[in-house]
Amino acid sequence: MAAEQSDAIILRSFPWSETSLVANIYTRDFGKLSVLAKGARRPKSPFEAALDLLSLCRVVFIPKSGDALDLLTEAKLQRRFRAGSRDLLRLYAGYYVAELLERLTDKGQPQPEVFEVAVATLQALAQPELEVRGIVLNFEIQMLRYGGQLPSWTRCVHCGRDVPDSRWFLFDLVAGGVLCEACQPTARHTVRMPADTRRVLQYFSQPTWRQIDLSRYPHEHRAAIRTVIGRYLTFVLDRQPNLHSYLEELGR
């Protein structure tokens, strides 16, 4: 088969043999792929640092049929992820980007928008003046959007009726949205959240994610925001994300 090329983010790599690696990558044009990088573990690897975790690179690969690994023939480094060298929380946030890309996307399903928001998130994490909590929340919500799991913040997720303004709202973790008063008694897995938390989550859920002001993440609601999004993602993924235990500071 003819070689293909695309921009890619390195999500994970692990040894395949004494000289080779397998890398999971997320590409702009082909979605998530697993590729075999022959010779990547040699002292003078042809890939050098291009396969470092969270690196952005230009890859060339030969697609293989069936369950066979695609063959990576070239990877040219464009940008390393350096945020973790200055701030441990930003490092964990970067790892979290890789985890959600692996777990919320399907292999071989291209979503250029997902690639763009992931690259923008990694770039934002490298800017110390930007709030980590807002960066992470924006990425989580956009991943839920592109995965078809964006919560409903204004209409009852059970009956579809508008939910009137109130001091408190009940969020259904299974169905993924707020509940009207009539539907609340039938819901089992719920979390209570104040009105200001709903407004923040609704703002971060707008489709024009590039226009979201990350500084509008209010510190006084960070615990409630992390509770709602963290528990909802746990239901979506059917288990708690691995990095949540390392990101507890986001709720403090």
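Quick notes on this structure:
- Eligible aspartates and glutamates near residue 44 by straight Cα distance, threshold 19 Å, same-chain separation 8 or greater: 18, 52, 74
- Two-site FRET efficiency, residue 242 against residue 184, from Cβ-Cβ distance with R₀ of 45 Å, rounded to 0.05: 0.90
- Among the helices of the chain, those built from whole DSSP H runs whose Cα atoms reach 15 Å or more along their own axis and whose mean Kyte-Doolittle hydropathy is at least -0.5 are 88-103, 112-125, 132-146, 222-237.
- Residue with peak Gaussian network fluctuation, the chain [Cα springs, cutoff 10 Å], from 197, 27, 73: 73
- For q = 0.34 Å⁻¹, Debye-computed log10 I/I(0) when each Cα of the stretch 122-164 counts as one equal scatterer: -1.05
- Evaluated over the Cα positions of the stretch 4-79, the convex hull gives a direction-averaged projected area, one quarter of its surface, of 4.4 nm².
- Order by protection proxy (mean Cβ within 10 Å, highest first), peptides 87-94, 167-174: 87-94, 167-174
- Residues within the reach of a label modelled at residue 65 (point 7 angstrom out along Cα to beta-carbon, backbone nitrogen below 14 Å), restricted to the stretch 12-30: there are none.
- Span per principal axis, largest first, for the Cα atoms of the chain (Å): 63, 41, 30
- Ratio of Rg to Rh for the stretch 124-252: 0.95 [Cα atoms; Kirkwood radius as inverse mean 1/r over pairs].
- Cα-based equivalent ellipsoid, the stretch 1-48: semi-axes from gyration tensor eigenvalues, Å: 20, 12, 10
- For residue 194, the shell of other residues with beta-carbons less than 15 Å away shows a net charge of +3, using +1 for Lys and Arg and -1 for Asp and Glu.
- Residue-averaged [θ]222 nm for the chain, counting only DSSP H segments that reach four residues, each worth -39500 (n - 2.57): -9000 deg cm²/dmol
- Across all Cα pairs in the stretch 76-136, the calculated P(r) in 5 Å bins from zero up to the longest distance comes to 4, 17, 28, 23, 17, 7, 2, 0 percent per bin.
Bear in mind these aren't lab numbers, they're just calculated from the coordinates by the rules spelled out. Only a predicted model underlies this, so the values are computations on that prediction, with no experimental measurement involved. A quick note on method: Cβ atoms are made from the backbone with ideal geometry, for glycine too, and the neighbour counts reach across all protein chains shown.
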